[in-house]
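Trainee: Starting off with a structure, shown below.
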Amino acid sequence: MEGAWQASGSDMFRNWRIGSVNGALLAAYFIPAWSLVAFNIFVAPVHGLYERPSVAVALFLSDHLQMAGMDTVRAAWLLALGRLTVVAFFAIHLVVLCIPRIRKNGGSDEALGIALAIGSLISFTSMVMASKVGEMAALRLHATELLLLLGAAIVVVIEKPAAAPRIVPESVEATAAPLALEQAELLHNR
C-alpha cells in the first residue's frame, strides 16, 4: 500500500512546468490579497476605495476626474469586480492544475493568461494613477504586482507545453513501413 502511494505521489509531482508552478505561486498571493481588497470595497465602497491598495485610484478619481457620490461608488465596484475576475481565473488555473493530463499539455495556461492580462491591466492603470497623484507607497505596490504578473506572462509565453507521447496503433505502423520504402525508391529513381 505504501509503495503504491509513493508511486502515485511522485507521479503527481512529475512533469510540472515552470509556468504552472509560477502561476500557482502567483495565485497563492493574488487570490487572498485581491479578494480581501474586493470584499472591503463591496462592504463599504468609499472606505474600501481609500485603503492602501486602491487609494491611488480613489485620489485620481476625485482629483483629476472630479467624481463624487454614486459615480465613485460605481467606479469602486468596477475595480472590485475586475479584481474578483482576476481571482476567479487564478482559482480556475489552480483547479485545472490538479488534473495531470491537462497540466502536462499546458491546458491551464488559458486561465492563467486571462488572469495575467486582466491583472496586468489593473496594476498598470493603478500604477499610472498612483504616479499622477504622487502616492509613492501605492506606486511601489502596483509596480511590484505588475512586475510579478509580467514576469509570469513572459514565462508562459516562452515555455512550450510538454510533447505528448505519440500513440500509433500497430496496424498503422505495419502499413506505413512498406509505404516509406516505396517512397524512397521513387525518390531514388528521379
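Trainee: With charges only on Cβ, +1 for K and R and -1 for D and E, what is the dipole size of region 2-165 about its Cα centre, in debye, rounded to 20?
Mentor: Once rounded to the nearest 20, the dipole reads 260 debye.
Trainee: For region 83-166, what D do you get in µm² per second when you plug the Kirkwood radius from alpha-carbon pairs into Stokes-Einstein at 25 °C and 0.890 mPa s?
Mentor: It comes out at roughly 176 µm²/s.
Trainee: How long is the gain from Arg74 to Ala137 if the chain were fully straight, where each residue apart is worth 0.36 nm and the alpha carbon distance is subtracted?
Mentor: Length gained, Arg74 through Ala137: 20.2 nm.
Trainee: If you don't mind, there's one more thing I want to ask. Which whole-number value in Å³ per residue fits the convex hull of the alpha carbons of region 2-165? Working shown, then result.
Mentor: Values: hull volume 18.1 nm³, N = 164.
Output value, Cα hull per residue: 110 Å³.
Trainee: Provide the gained length on full extension for the span Ile102 to Phe42, in nm with one decimal, where the gain is 0.36 nm per separating residue minus the Cα-Cα distance. Working shown, then result.
Mentor: Working: separation 60, 0.36 × 60 = 21.60 nm, distance 3.46 nm.
Length gained, Ile102 through Phe42: 18.1 nm.
Trainee: Given points 7 Å out from each Cα along the Cα-Cβ axis, report the Val128 to Lys160 separation in nanometres with one decimal.
Mentor: If labels sit at Val128 and Lys160, their model points lie 3.6 nm apart.
Trainee: Can you tell me the relative contact order of region 2-165? Whole percent, Cα pairs under 8 Å, sequence separation 6 or more.
Mentor: Reported as a whole number, the value is 29 percent.
Values in this text are rule-based calculations from the coordinates and carry no lab data. In this text the structure is predicted, and so the values were computed from the model without any measurement. For neighbour counting, all protein chains shown are included, and Cβ atoms are generated from backbone atoms with ideal geometry for every residue, glycine included.
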